[in-house]
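Colleague: Sharing a structure below in structure tokens format, with a few things to ask.
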Amino acid sequence: MATLEHHLGTSLREKNGTIKVKPTLQLATNALSNIFVAGDVNSLPGGAKYAVKAGEQAQLVAANLITMINCDTKSAKPVLQNWDGSVMNMIAVPIGKSLGVLQASGIAFGKSCVGDIVVSRVKAKDYFVSKRAKEFPPNANA
């Protein structure tokens, strides 16, 4: 059975196994421009592969899909948004309510005043539950 890559006559993957994509998060082949790849499996640079980045990329994919659906392709080509890598690569790991480790853009602040203060004030209060509660309301799947 031939693979999709064999059928298209092109590789869809980088040497490291990630999937080649355009800045719009579409597959890097025009033959499959209606397929998008979000999350750490895509080949776009932009720092570490954090779950929050996948969420941001999913929002961009949704916006681009809506643009494609609403565009009259007979008269115009849809203008899609590009992934810009977002503002900062940061991860905060709380250790209880008053301690934590913070890594921002490659600089680690572990067991330090900066890490503890930022993490305890930003994330340790409720582990971002209140921020995500709007996206996942109770009984949403009921």
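The values are calculated or read from the model by the stated rules, or taken from the named source; none is laboratory data. If you're wondering where the values come from, they're calculated on a predicted model, not measured in any experiment. Positions of Cβ are backbone-derived with ideal geometry, glycine not excepted, and every protein chain shown enters the neighbour counts. Surface accessibility is based on the protein's heavy atoms, side chains included, excluding ligands, DNA and RNA. Shrake-Rupley method; radii C 1.70, N 1.55, O 1.52, S 1.80 Å.
Colleague: Is segment 1-19 home to any residue that is in contact (Cβ under 8 Å) with a residue 40 or more places away in the chain and touching a strand residue (DSSP E or B) at 6+ places or on another chain (Cβ under 6 Å)?
Modeller: no
Colleague: Hey, among the residues in segment 33-43 that are open to solvent by 30 Å² or more (accessible area, probe 1.4 Å) and touching a residue at least 24 places away in the same chain (Cβ under 8 Å), which one's farthest from Leu4 (Cα to Cα)?
Modeller: Among them, the one singled out is Ser43.
Colleague: A follow-up question, please. Say whether the condition of being of a type outside the set (A, V, I, L, M, F, W, C), in contact with a strand residue (DSSP E or B) (Cβ under 8 Å, 6 or more places away or on another chain) and modelled with pLDDT under 70 is met by at least one residue in segment 121-135.
Modeller: Yes, because at least one residue in segment 121-135 is of a type outside the set (A, V, I, L, M, F, W, C), in contact with a strand residue (DSSP E or B) (Cβ under 8 Å, 6 or more places away or on another chain) and modelled with pLDDT under 70.
Colleague: Further, regarding this structure: Which residue is surrounded by the most Cβ atoms within 10 Å (Cβ to Cβ), if the candidates are limited to segment 89-114 and must be outside any strand (DSSP E or B) and modelled with pLDDT of 60 or more? Explain how you work it out, then say what you get.
Modeller: Start the filter on segment 89-114 by keeping residues that are outside any strand (DSSP E or B), which leaves 89, 96-98, 105-106, 111-114.
Narrowing the set further to residues that are modelled with pLDDT of 60 or more leaves 89, 96-98, 105, 114.
Values: Asn89: 17, Gly96: 8, Lys97: 10, Ser98: 12, Ser105: 10, Val114: 13.
Among those residues, the one meeting the criterion is Asn89.
Colleague: Which condition breaks for Ala28 when tested against (1) modelled with pLDDT of 75 or more; (2) more than 30 Å from Gly9 (Cβ to Cβ)?
Modeller: With (1) modelled with pLDDT of 75 or more; (2) more than 30 Å from Gly9 (Cβ to Cβ) applied to Ala28, the lone miss is (2).
Colleague: Scan segment 4-17 for residues that are touching a Lys or Arg at 6+ places or on another chain (Cβ under 9 Å) and open to solvent by 90 Å² or more (accessible area, probe 1.4 Å) and report the count.
Modeller: Summing the residues that are touching a Lys or Arg at 6+ places or on another chain (Cβ under 9 Å) and open to solvent by 90 Å² or more (accessible area, probe 1.4 Å) in segment 4-17 gives 1.
Colleague: While we're on this one: Right, Leu65: assigned to a loop (DSSP other than H, G, I, E, B), among the hydrophobic types (A, V, I, L, M, F, W, C), closer than 30 Å to Val21 by Cα and modelled with pLDDT of 70 or more or not?
Modeller: Details: assigned to a loop (DSSP other than H, G, I, E, B): no; among the hydrophobic types (A, V, I, L, M, F, W, C): yes; closer than 30 Å to Val21 by Cα: yes; modelled with pLDDT of 70 or more: yes.
Criteria not met by Leu65.
Colleague: Further question on the same structure: Inside segment 33-60, can you point out the residues that are among the hydrophobic types (A, V, I, L, M, F, W, C) and either in contact with a Lys or Arg (Cβ under 6 Å, 6 or more places away or on another chain) or not in a loop (DSSP other than H, G, I, E, B) (or both)?
Modeller: Phe36, Ala51, Val52, Ala54, Ala58, Leu60
Colleague: If you scan segment 30-68, which residues turn out to be farther than 16 Å from Asp84 by Cα and touching a helix residue (DSSP H, G or I) at 6+ places or on another chain (Cβ under 6 Å)?
Modeller: Scanning segment 30-68 gives a single hit, Ala31.
Colleague: Something else now. Which of the residues belonging to segment 18-32 are part of a loop (DSSP other than H, G, I, E, B) and open to solvent by less than 40 Å² (accessible area, probe 1.4 Å)? Let's see the steps before the verdict.
Modeller: To start, the set of residues in segment 18-32 that are part of a loop (DSSP other than H, G, I, E, B) comprises 18, 20, 22-25, 28-29.
Thr18, Thr24, Leu25, Thr29, listed by residue number.
Colleague: Another question, then. Determine whether segment 44-56 contains at least one residue that is at pLDDT below 85, under 19 Å from Ile19 (Cβ atoms), among the hydroxyl-bearing types (Ser, Thr, Tyr) and open to solvent by less than 90 Å² (accessible area, probe 1.4 Å).
Modeller: Yes, because at least one residue in segment 44-56 is at pLDDT below 85, under 19 Å from Ile19 (Cβ atoms), among the hydroxyl-bearing types (Ser, Thr, Tyr) and open to solvent by less than 90 Å² (accessible area, probe 1.4 Å).
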